[in-house]
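Asker: Just dropping this structure here.
The values are calculated or read from the model by the stated rules, or taken from the named source; none is laboratory data. If you're wondering where the values come from, they're calculated on a predicted model, not measured in any experiment. Every residue, glycine among them, receives a Cβ derived from its backbone with ideal geometry; neighbour counts consider all protein chains shown. With ligands, DNA and RNA removed, areas are computed over all heavy atoms of the protein, side chains included. Shrake-Rupley method; radii C 1.70, N 1.55, O 1.52, S 1.80 Å.
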Amino acid sequence: MKLFLQGAAMLLAAGLAANAHAQGKTQKVIIEDDDPNAIMLVTIDNAGDEIVKVMNETQPQRFHDPKAPRFILTDQKGRFALGIGGYVKATAEYDFNGISDDVDFYPSLIPNRGQTNARNQFQMDATTSTVFLKLVGRTKNLGDFVVYTAGNFRGGDKVFELQNAYASFLGFTLGYDYSLFMDAAGAPPTIDYAGPAGMAFHRATQFRYEHTFMNCLKAGVGVEMTVVDGITNANEHIGVQRAPSVPIYLQYNWNKASHLRIAGILRGMSYDNLSADKMESETGWGILASTTFNLGKRVQLFGQGVYGKGISQYMNDISNLNVDIVPDPEKQGKMQVLPMMGWYAGMQYNITPNLFVSGTYSQSRLYSEKDYPQTPSEQYRYGQYLVANMFWNITPNLQAGVEYLRGWRTDFDDVTRHANRINLSAQFNF
């Protein structure tokens, strides 16, 4: 594969060289194969170090996001660069002594009694394979800018699905991306694409502004498209939304691999009160604290805690329950927001530069309010998530992993069910 890519690049370079020679211009090809952060530049003139730096430092930082592009095309003056990259990933999954009824491992999707007799399950998946295009540039009026779009095949029937699509300049970002009310860089490594049950995770169409102070403080505020899922009855209906969600955060970094983030969010959620024949709203809110930091060269720690009301869209496991707003049993036609909480703590240990192990425990919890849900019931009360894994970077572009997962689901009737999963993965980055 490596020889094939080199050959293709050299053919492209030869074409550019012939064109450049015909026009009296210089052409240069740079190929670096052994550096883990290597890129390939095919340019009419050599790309400047600054444009490559912008390309690398603005790449999304979640563990499952693709790395900086290996292939970059630049313009004649080296002010603009187009990166093309992604990865192909395949996983094999086996559930035993209980299943989570999804290709990702969610404790909330461990079936209720009577829903299935299955206690074992085998699955294979390649839908998280990702491709992206990224344009970066340096301009006089807009400064450094980034245009980024990425997608995988997680849509229905394995169709291509948008994961990120945004433009950033002068601290402003407009498009579809991770919410500011989460910490993508602070997520622990997992083969499981969903990640810890108690992690805050959400993508939204948004407009945001972020600014760095004194090279160690970063703050951001945004407005996000509000999406509301709730449980309704004959007296309520969830329809159009009248207000955006507003997240805000402050982050302190003390080195490239260590930071502390504090975030908050305010959500206005509209619904139709069919009993009173009018539209009403409930307010959701949340607070988040997260961190990741290194202890020497071998140990990396991860932690996060989030609490709020009406923020199930932002809660990894609870997002499957549709409980942003629920009926208020004390007032006909009225809805309410329920308290909810999530947290995780994890550690990564680097055995060698190319081999590491990690483990994370996480919990998410939904609380009852105003006797909703009525107990005892088979509705989700809390979930627990335990993961241990090992990753081996066989080459700079090829990674293999093995992982064990255990999940528990406990309902409001205090019945607990569990599931176990073994994951194997292979990922090739390009």
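Asker: Name every residue in segment 232-260 that is open to solvent by 50 Å² or more (accessible area, probe 1.4 Å) and in contact with a Pro (Cβ under 8 Å, 6 or more places away or on another chain), in order of residue number.
Answerer: Answer for segment 232-260, where residues must be open to solvent by 50 Å² or more (accessible area, probe 1.4 Å) and in contact with a Pro (Cβ under 8 Å, 6 or more places away or on another chain): T232, N233.
Asker: To continue, here is another question. For S425, are the conditions met, namely being open to solvent by less than 50 Å² (accessible area, probe 1.4 Å), at pLDDT 95 or above, farther than 20 Å from D95 by Cα and polar (S, T, N, Q)?
Answerer: No; evaluated as a whole, the condition is false for this residue.
Asker: Something else now. Could you tell me whether Q123 is of a type in the set (S, T, N, Q) and surrounded by 13 or more Cβ atoms within 10 Å (Cβ to Cβ)?
Answerer: yes
Asker: What number of residues within segment 128-174 are at pLDDT below 90, buried (at least 19 other Cβ atoms within 10 Å of the Cβ) and farther than 19 Å from T74 by Cα?
Answerer: Matching residues across segment 128-174 total 0.
Asker: Moving to a separate point now. Among the residues of segment 284-299, how many are open to solvent by less than 80 Å² (accessible area, probe 1.4 Å) and part of a strand (DSSP E or B)?
Answerer: The number of residues fulfilling the criteria is 10.
Asker: Okay, moving on. When segment 393-430 is examined, which residues are found to be of a type in the set (F, W, Y) and either under 22 Å from the mean Cα position of the chain (by Cα) or outside any strand (DSSP E or B) (or both)?
Answerer: The answer is Y404, F412, F428, F430.
Residues are listed down the side, and each one gets a yes or a no for (1) farther than 26 Å from L405 by Cα; (2) among the β-branched types (V, I, T); (3) at pLDDT below 95; (4) surrounded by fewer than 22 Cβ atoms within 10 Å (Cβ to Cβ):
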{"position": "E57", "(1), (2), (3), (4)": "yes, no, yes, yes"}
{"position": "G78", "(1), (2), (3), (4)": "yes, no, yes, yes"}
{"position": "L82", "(1), (2), (3), (4)": "yes, no, yes, yes"}
{"position": "V88", "(1), (2), (3), (4)": "no, yes, no, yes"}
{"position": "T91", "(1), (2), (3), (4)": "no, yes, no, yes"}
{"position": "Y94", "(1), (2), (3), (4)": "no, no, no, yes"}
{"position": "D104", "(1), (2), (3), (4)": "no, no, no, yes"}
{"position": "G114", "(1), (2), (3), (4)": "no, no, yes, yes"}
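Asker: Where residues in segment 358-410 are β-branched (V, I, T) and either open to solvent by 40 Å² or more (accessible area, probe 1.4 Å) or at pLDDT below 95 (or both), which of them is nearest to F96 (Cα to Cα)?
Answerer: That would be V402.
Asker: Just checking, which of E330, E280 is surrounded by fewer than 16 Cβ atoms within 10 Å (Cβ to Cβ), assigned to a loop (DSSP other than H, G, I, E, B) and in contact (Cβ under 8 Å) with a residue 24 or more places away in the chain?
Answerer: From the options E330, E280, the qualifying one is E330.
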